[in-house]
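The values are calculated or read from the model by the stated rules, or taken from the named source; none is laboratory data. Please read these numbers as outputs of a predicted model, since none were measured by experiment. Note that each Cβ is placed from the backbone with ideal geometry, even for glycine, and that neighbours are counted across all protein chains shown.
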Amino acid sequence: MFAGLAIWLARTGQGVLAGVALFCLVAGGLVSYAKARAEGLGARCDVGIAERTERLLIGLVAAGLSGLGVPYVLAVGLWILAALSLVTFGQRVIAVRGEVGPPASQEPPAARDEPAGGTR
């Protein structure tokens, strides 16, 4: 849906909105990817202000109302959707980081600071 909107907006000379539609496409993929990676790590990732259903509803309603002739509704819908997708991605990253914790390093910090001889 967002790829089609981006192409149509670009062909009609609305480059900024085409970029926003493309951002919504990429952000939607990132939100889904964050959930898949979290579940792969064994964490639950059901957080976020705008999950897939909400994002699709906002996009479809905005496109439909725009097709019916309501002015500015597509632009407003895409900008809101872009912001909500970005917030949702951030919420998921923060939630998983809190549940799983920071990544473990390969060596303890003390071992990396010592010279090759072992003592200073």
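Observations, loosely collected:
- Selection from region 72-99 of residues that are in contact (Cβ under 8 Å) with a residue 40 or more places away in the chain, surrounded by fewer than 18 Cβ atoms within 10 Å (Cβ to Cβ) and either charged (D, E, K, R) or part of a loop (DSSP other than H, G, I, E, B) (or both): E99
- Filter result (loosely packed, with under 12 Cβ neighbours inside 10 Å and aliphatic (A, V, I, L, M)) within region 44-71: L68
- Pick from region 11-58, criterion part of a loop (DSSP other than H, G, I, E, B) and charged (D, E, K, R), ranking: farthest from Y72 (Cα to Cα): R44
- Lone qualifier among V26, V47 - being modelled with pLDDT of 90 or more and aliphatic (A, V, I, L, M): V26
- Of all the residues in region 43-58, those that are within 11 Å of the chain's Cα centre (by Cα) and of a type in the set (A, V, I, L, M) number 1.
- Some residue of region 100-107 being over 17 Å from G19 (Cβ atoms), in contact with a Ser or Thr (Cβ under 9 Å, 6 or more places away or on another chain) and loosely packed, with under 15 Cβ neighbours inside 10 Å: no
- The residue pairs whose first member lies in region 14-30 and is closer than 14 Å to I80 by Cα, whose second member is among the charged types (D, E, K, R), and whose beta carbons are closer than 6 Å, counting only pairs six or more residues apart or on different chains, are G28/R55.
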